[in-house]
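To start, the structure under review is shown below, and the notes come after it.
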Amino acid sequence: MLKTSCADTSNAAAAPRSVALARRRRGYAALSLAALLLVTACADGDEATEEGTDDGQTAEQGESAQGESAQGEGDDADDDGAEVEAALAGPSAEHRDEAEELVAQMSPEQKAGQVLVGEYSGTDASQMAGLIEELHLAGVIVMGDNVPTEGSEADLEALASQIETMQEAASDRSYPAIISVDQEGGLVTRIGEPLTEWPTPMAYGAAAQGGHDDAVATAQQGHTAMGRELAELGFTVDFAPNGDVTVGSADPTMGSRAFGADPEMVAQLSMAGLRGFSEAGVAGSMKHFPGHGSVEDDSHHTLPVQDKSLEQLWDEDWLPFREAGEEGAPMVMVGHLEVPALEEGVPSSLSSVTYSQLRGTGFDGVAVTDALNMGAIVQQYGADEAPVQALDAGADLLLMPSDIRGAHEAILAALGNGELEEQKLDQAAQRVVAMMLWQQDLAAGELAGGPRSGAGSDVGSDAGEQDETGAVAPDQRSLGVSRDAVTLVEGECGAALVGDEADDEQAAAGIEIIGGDEEDRARLTEAAEAAGVDVGAGGVQVHLFSGAQGSAGGDVAVALERPEALAGADAPVQIALYGDTPGSFEALIEVLEGREAPGALPTAVGEHEVGHSRCAE
């Protein structure tokens, strides 16, 4: 794969662009071109005779010429594919050169702002917009309580207006501000309906473990669809997907937010997620290096300790991040973990050894800290101390300092007293600016990949209905992911428990729903009734578990998010659903009616190992 290096960059700015960038938009048509070449070669071969071709060549000479031509055109298709991949991977050398020029023209105050991402309270973004302008902030993160609502749904028009206000505050720059969000799907969904609801990331892992032929492509397309909806609102960055490798029930933080427990599978799916966001014109961020899925504490509240050796980390938790380093990624988030094998007693987000290890994978994009207002940091470090220490250690972008103005002032003070080298701040600002120059060009269709390049594929159209452009509608794609993921952990594969194919009196009565919350029960009721299945007392008891802990009872136990909840169930039929979206419940009803569940466990559940499924026996 093509990679660029920013190791020598050092200076960049808020002045007009001075480096001319002329880029061609090229479509990614390698697969279709290869198919066309095959058909053409076969057709030409049929027309050739033993005596020769029309131009006097022998049949063998004609076939040889055709082969050479096909090879040449195939090489062109390969070149196109490499160009697309490079475009989706992150900033080019031209972006980095332009960023260096821009940062060289910045004042210290501007450079200090370019490495900060702030937060705000409530749904009025005007004060945040003022801070972006005053402090020259790189941007802002939008959290759930910042999303305006209308009734029970997000008010997307009002949200887009607030985003526009914040983006306009950075209009004196030649690149966009970071307008970011944590939108992973499943548990971490900051903007709900009417945006498409997605199952947990672990749903993609279940589909992959179940042997879905297009699991990686499905993950990329799902993240593209998610990214497109964010881009339409004005978001430029999504802090997703997760490259964490979960250890299952002992992992209190990641759980179903992770793709699974198999490092190689997580690497493939997380890279697919990154590329999917790029195809939508949104900069994604793999997180949380050096791996949050295998620690037993939550860094939101305390500093977890990662006791693995470097060899174990390299082969397991770091495999997805090594893939990001080798293949290219715009951004990686560094979490708050203590890793004694790297630097004892120091959170990884403030550890120079950790950033050196990350760069050692080949990664040359933006290293962003996890939120600096989390318990793992604020319990040990002052609000103004942590941002400076993170920058000095090797961070490029500081997310959500407890006091954004104080962090800005602390960076300037550290520059003045020599605590922070200007070169480090310059390099951090350059990486951030280069990423946003790239994101701008990507979204505008000026690169070989991206939303307007025509490079994205849309395989798997059998997932559902298509929109007017021929693409699968996002809600139908979400439904397709849920259908591919649903896993039968216990019970008889393909057995109809309700519906026309069921043959006992209880099944004829439909289902009785227990457990879950009010919305879960309402959604399952809606899905059942849409399928002609009655809901009420006396039917098959469907017991919903919405957390990580299950319990006894019911005829059918259903884990809505974390499949580990089924370890505490005793129902004869046990199903892992990996989501609580409308599509998740539709997929559940289909399995209860006798459809085979195609997914398999992406993490161990009780005595069941990764890859287990009663439908795979």
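The values are calculated or read from the model by the stated rules, or taken from the named source; none is laboratory data. Because the structure is a prediction, the values reported are computed rather than measured. As a convention, Cβ positions derive from the backbone with ideal geometry for all residues, glycine included, and neighbour counts pool all protein chains shown. The area values use the complete protein model at the heavy-atom level, side chains included, leaving out ligands, DNA and RNA. Shrake-Rupley method; radii C 1.70, N 1.55, O 1.52, S 1.80 Å.
Among the residues in segment 339-349, are any in contact with a strand residue (DSSP E or B) (Cβ under 8 Å, 6 or more places away or on another chain), closer than 22 Å to VAL181 by Cβ and at pLDDT 95 or above?
Scanning segment 339-349 turns up at least one residue that is in contact with a strand residue (DSSP E or B) (Cβ under 8 Å, 6 or more places away or on another chain), closer than 22 Å to VAL181 by Cβ and at pLDDT 95 or above.
Could you figure out which of (1) among the acidic types (Asp, Glu); (2) touching a His at 6+ places or on another chain (Cβ under 9 Å); (3) part of a strand (DSSP E or B) isn't true of ASP244?
Every condition holds for ASP244 apart from (3).
Would you pick out the residues in segment 186-198 that are at negative phi and open to solvent by 10 Å² or more (accessible area, probe 1.4 Å)?
Hits for segment 186-198 are LEU187, VAL188, THR189, ARG190, GLY192, GLU193, PRO194, LEU195, THR196, GLU197, TRP198.
For a quick check of your reading: which helices (runs of 4 or more DSSP H) sit entirely within segment 267-375 and have at least 1 residues that are crowded, with 19+ Cβ neighbours inside 10 Å, on the phi < 0 side of the Ramachandran plot and within 13 Å of the chain's Cα centre (by Cα)? Break it down into steps so the answer makes sense when it comes.
On the way: elements: 310-315, 319-327, 352-360.
Because the criterion is at least 1 residues that are crowded, with 19+ Cβ neighbours inside 10 Å, on the phi < 0 side of the Ramachandran plot and within 13 Å of the chain's Cα centre (by Cα), the helices (runs of 4 or more DSSP H) in segment 267-375 that meet it are 319-327.
Out of all the residues in segment 164-172, is one or more surrounded by 23 or more Cβ atoms within 10 Å (Cβ to Cβ) and in a helix (DSSP H, G or I)?
The answer is yes, given that some residue of segment 164-172 is surrounded by 23 or more Cβ atoms within 10 Å (Cβ to Cβ) and in a helix (DSSP H, G or I).
Kindly indicate whether ASP384 is crowded, with 23+ Cβ neighbours inside 10 Å and charged (D, E, K, R).
Here the answer is no, as ASP384 does not meet what is asked.
Looking at PRO598, PRO572, PRO582, which is the one that is out of contact with any Pro (no Cβ under 9 Å at 6 or more places or on another chain) and either closer than 18 Å to HIS212 by Cα or open to solvent by less than 10 Å² (accessible area, probe 1.4 Å) (or both)?
Being out of contact with any Pro (no Cβ under 9 Å at 6 or more places or on another chain) and either closer than 18 Å to HIS212 by Cα or open to solvent by less than 10 Å² (accessible area, probe 1.4 Å) (or both) holds for just one of PRO598, PRO572, PRO582, which is PRO598.
Check off (1) open to solvent by 30 Å² or more (accessible area, probe 1.4 Å); (2) in a helix (DSSP H, G or I); (3) under 18 Å from ALA473 (Cα atoms) for HIS223 and give me the number that stays unchecked.
The number of the failed condition is (1).
Only one of (1) over 22 Å from ALA272 (Cβ atoms); (2) open to solvent by less than 50 Å² (accessible area, probe 1.4 Å); (3) charged (D, E, K, R) is not met by GLU150, so which one is it?
Condition not satisfied by GLU150: (2).
Output the residues belonging to segment 231-252 that are of a type in the set (A, V, I, L, M, F, W, C), surrounded by fewer than 24 Cβ atoms within 10 Å (Cβ to Cβ) and closer than 26 Å to HIS292 by Cβ.
Answer for segment 231-252, where residues must be of a type in the set (A, V, I, L, M, F, W, C), surrounded by fewer than 24 Cβ atoms within 10 Å (Cβ to Cβ) and closer than 26 Å to HIS292 by Cβ: VAL247, ALA250.
Condition check ((1) among the basic types (Lys, Arg); (2) more than 21 Å from ASP297 (Cα to Cα); (3) touching a residue at least 60 places away in the same chain (Cβ under 8 Å)) across all residues:
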site: GLU338; (1), (2), (3): no, no, no
site: GLY360; (1), (2), (3): no, yes, no
site: THR369; (1), (2), (3): no, no, no
site: HIS408; (1), (2), (3): no, yes, yes
site: ASN417; (1), (2), (3): no, yes, no
site: LYS424; (1), (2), (3): yes, yes, no
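Looking only at segment 112-134, how many residues end up being open to solvent by 10 Å² or more (accessible area, probe 1.4 Å) and either touching a residue at least 60 places away in the same chain (Cβ under 8 Å) or closer than 15 Å to SER402 by Cα (or both)?
4
Only one of these conditions is not met by GLY255: (1) at pLDDT below 95; (2) out of contact with any helix residue (DSSP H, G or I) (no Cβ under 6 Å at 6 or more places or on another chain); (3) open to solvent by 30 Å² or more (accessible area, probe 1.4 Å). Which number is it?
Result: GLY255 fails condition (3) only.
From the residues in segment 417-454 that are among the small types (Gly, Ala, Ser), within 15 Å of PRO176 (Cβ to Cβ) and assigned to a helix (DSSP H, G or I), which one is least open to solvent (accessible area, probe 1.4 Å)?
Top of the filtered list is ALA434.
Could you list all residues from segment 199-216 that are touching an Asp or Glu at 6+ places or on another chain (Cβ under 8 Å) and open to solvent by 20 Å² or more (accessible area, probe 1.4 Å)?
GLN209, GLY210, HIS212
Considering only segment 123-141, state which residues are in a loop (DSSP other than H, G, I, E, B) and out of contact with any helix residue (DSSP H, G or I) (no Cβ under 7 Å at 6 or more places or on another chain).
ASP124
Filter segment 396-406 down to residues that are touching a residue at least 24 places away in the same chain (Cβ under 8 Å) and open to solvent by less than 70 Å² (accessible area, probe 1.4 Å) and give me whichever is farthest from GLU100 (Cα to Cα).
Applying the filter and picking the extreme gives SER402.
Can we say ALA376 is at pLDDT below 95, farther than 28 Å from ALA82 by Cα and touching a Leu at 6+ places or on another chain (Cβ under 7 Å)?
So ALA376 fits the description; yes.
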